[in-house]
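Each remark here refers to the structure printed beneath this line.
The values are calculated or read from the model by the stated rules, or taken from the named source; none is laboratory data. For clarity, every value in this text was computed on a predicted model and none was experimentally measured. As a convention, Cβ positions derive from the backbone with ideal geometry for all residues, glycine included, and neighbour counts pool all protein chains shown.
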There are 2 protein chains.
Amino acid sequence: MNVGQVAALAGVTVRTLHHYDRIGLLRPSGRTSAGYRQYAPADLDRLHRVLLYRELGFPLEEVAALLDDPSADPAEHLRRQHRLLRDRLERTSAMVAAVEKEMEARNMGIDLTPEERFEVFGDWLPEEYAAEAEEKWGDTEAWAQSQQRTRAMTKEDWLRVKAESDDVERRFAEALAAGAGADSERAMDLAEEHRQQISRNFYDCPPEMHAGLGRMYVEDERFTAYYERIAPGLAQYVSTAVQANAARQG
Amino acid sequence: MNVGQVAALAGVTVRTLHHYDRIGLLRPSGRTSAGYRQYAPADLDRLHRVLLYRELGFPLEEVAALLDDPSADPAEHLRRQHRLLRDRLERTSAMVAAVEKEMEARNMGIDLTPEERFEVFGDWLPEEYAAEAEEKWGDTEAWAQSQQRTRAMTKEDWLRVKAESDDVERRFAEALAAGAGADSERAMDLAEEHRQQISRNFYDCPPEMHAGLGRMYVEDERFTAYYERIAPGLAQYVSTAVQANAARQG
DNA sequence: GCTTGACGCTGACGCAACGTCAGGCTGTTG
DNA sequence: CAACAGCCTGACGTTGCGTCAGCGTCAAGC
């Protein structure tokens, strides 16, 4: 197999293969008499590993070290790649959750602190700065301003949307007062209405994602406070209803 | 807030912030009389977006274009980032599944074609090459050789492990012949034994992952063939038992 | 009020991982 | 046997910073 074919198969450019040859990361096991690179099955194997490690962010030099380590059998590579991929999956999930949280926070007019937003980028958590920053940005008017700017809807749109969600929230409170269970038909229907409202006005919100938001309503105190201000016990009520609704759809 | 603090908060180096200033991607909104960069809350907002887009693989120039597009409100960015992150999640899941498939294939002595392994790197699928490569590598002895090399266990180890899994497979066949349902206690216990065997001898295999393997046993004909050779109907039987066992553990 | 050590500033060069020609040979298809 | 796709080897360019060098700034302690 020659460069072009390997390149097409692996989804890289010919130039990349040239590069890997030059730096000794992947030398084709043969050449034709005319000097054409000839790749054997074992070379494809190696290329596959190279690309996976590269995708995972390893510099090529380290990739070479990993692959040339004589004490590492193929199974070892698979286990390591599996571990690294799972880590990445977890990190990405966390980032998705963070973005979803921020979307919902914006809709409810809750502001997240900068530390919170950056949290997801690393597990390091620099305590010292956290405190200091908190103090600096606590509740300056700068924040209020940036809050202001972030609303791009026209005032009319916003008022209409706000009225809609106020309405659902009010009816949730009524259902709670009337003693309807959080998993009752009535509560779940309201939850469904809530979900469709979000989807219409803000962002696409499938049931699964809605359930995630529900969990947040009781786990994050600011979201809890938002609902508790309307009626005591409402945060837990809405949270349960939303999750019950998601469950009946699945 | 000055460079050092912002850098620590966001998990980047000071040099990176200098760079972003120089290329105009993120200019701090103020400077002290001494020339120190002063970052305002809005700058942190922007930095956050920059880092997310960068993480997602956009070149900085495009990031700038996205952020400076006057027709894109903040909600638009959140939606786009959400979409991109979900895509990434999906891709990573696919890669995890591919690695798991390869691990299991190795254990059972099934060899995957190079196209299959590279599949996960892109959805492009170059039909022409696929056919050609198939023909070239079909079943040369090169494959057999590379198969040989990949076994790093001592012969003794391998024989012991093989005997163990043969035993479970035989008892699965017995249960099937005796008419025990695939979701019976007997079948699920065998599935659990199967799972623990994999975990002990090859790689850590939690119930969820085991369920994924189960699905593969009926979806991939080569895995199906492996079990059908032992007893007709065994592939479906083991698959169901494995998934039932995973469900009872969850 | 003075030192000192941490922090900040601006060039300037370096580096990884290729992209992108240029100039020339190869090989296969009509 | 011509022509056109594909391969070769330099060689220079690009992105996204890392890493000094050389020099100002500032808060703490003496």
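Some points to look at:
- The C-beta contact set for segment B:5-23 (first residue within 15 Å of residue B:36 (Cα to Cα), second residue more than 11 Å from DNA strand C (Cβ to nearest atom) and small (Gly, Ala, Ser), distance under 8 angstrom, 6+ apart or interchain) comprises B:5/A:133.
- Hits in segment A:178-202 - residues which are surrounded by 15 or more Cβ atoms within 10 Å (Cβ to Cβ) and within 14 Å of another protein chain (Cβ to nearest Cβ): A:198, A:201, A:202
- Matching residues in segment B:51-73 - criterion: being among the acidic types (Asp, Glu) and modelled with pLDDT of 85 or more: B:55, B:61, B:62, B:68, B:69
- Some residue of segment B:53-70 being touching a Ser or Thr at 6+ places or on another chain (Cβ under 7 Å) and within 16 Å of DNA strand D (Cβ to nearest atom): no
- Restricting attention to segment B:68-84 and to residues that are out of contact with any Leu (no Cβ under 6 Å at 6 or more places or on another chain) and of a type in the set (A, V, I, L, M, F, W, C), the residue that is nearest to the other protein chains (Cβ to nearest Cβ) turns out to be B:78.
- Residues that are within 9 Å of DNA strand D (Cβ to nearest atom) and outside any helix (DSSP H, G or I), drawn from segment B:1-20: B:12, B:13
- Per-region count, segment A:46-56, residues touching a residue at least 24 places away in the same chain (Cβ under 8 Å) and within 11 Å of DNA strand C (Cβ to nearest atom): 3
- Any hit, segment A:38-45, residues being within 12 Å of DNA strand D (Cβ to nearest atom) and either free of Cβ contacts under 8 Å to residues at least 12 places away in the same chain or within 14 Å of chain B (Cβ to nearest Cβ) (or both): yes
- Qualifying residue in segment B:26-37 (condition: under 37 Å from the mean Cα position of the chain (by Cα) and within 9 Å of DNA strand D (Cβ to nearest atom)): no
- Check on residue B:65, more than 11 Å from chain A (Cβ to nearest Cβ) and away from DNA strand C (no atom under 16 Å from the Cβ): yes
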